[in-house]
Amino acid sequence: MSHLNRLPAFAHMMRPLLRAFLRPKPARGATCVSAILPAGQAARLTLRRGETLLVRQGRLWLTREGDSVDHVLWPGAGHVASVPQEVVIEAFGPQACNYERHRLRGA
């Protein structure tokens, strides 16, 4: 967040709004489950439509069934399932990956 200190003086009122914007939070009415995937470990997940994976620490390699492109998610990045889908995730790199699953209640 040190980049916020370089804002012009008149923007000091915007700092709290920018901080809130830069730190994604689950939507109201959502459930959130945190998990840690050890380095080099993989897991298969079934995501519901609208369910979100959000990486908090480390890197996550995500493969979706029927998608020829794999995705690497960095801290702060996520994946939203547009349809129910099976995914395989792997902690990518030398450290464990801390991620969250956000699901809208009733979804």
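Residue check, residue 49 against (1) more than 12 Å from the chain's Cα centre (by Cα); (2) part of a strand (DSSP E or B); (3) closer than 20 Å to residue 32 by Cβ, all met but one. Which one?
(2)
Residue 64: of a type in the set (Lys, Arg) and at pLDDT below 95, yes or no? Lay out the reasoning, then the answer.
Working: of a type in the set (Lys, Arg): yes; at pLDDT below 95: yes.
The answer is yes for residue 64.
Checking residue 26 against (1) in a loop (DSSP other than H, G, I, E, B); (2) modelled with pLDDT of 95 or more, which single condition isn't satisfied?
(2)
Could you list all residues from the stretch 54-107 that are part of a loop (DSSP other than H, G, I, E, B), free of Cβ contacts under 8 Å to residues at least 60 places away in the same chain and charged (D, E, K, R)?
Within the stretch 54-107, 59, 65, 67, 70 qualify.
The values are calculated or read from the model by the stated rules, or taken from the named source; none is laboratory data. Quick caveat, the model's predicted, so the values are computed rather than measured. Backbone-built Cβ (ideal geometry, glycine too); neighbour counts: all protein chains shown.
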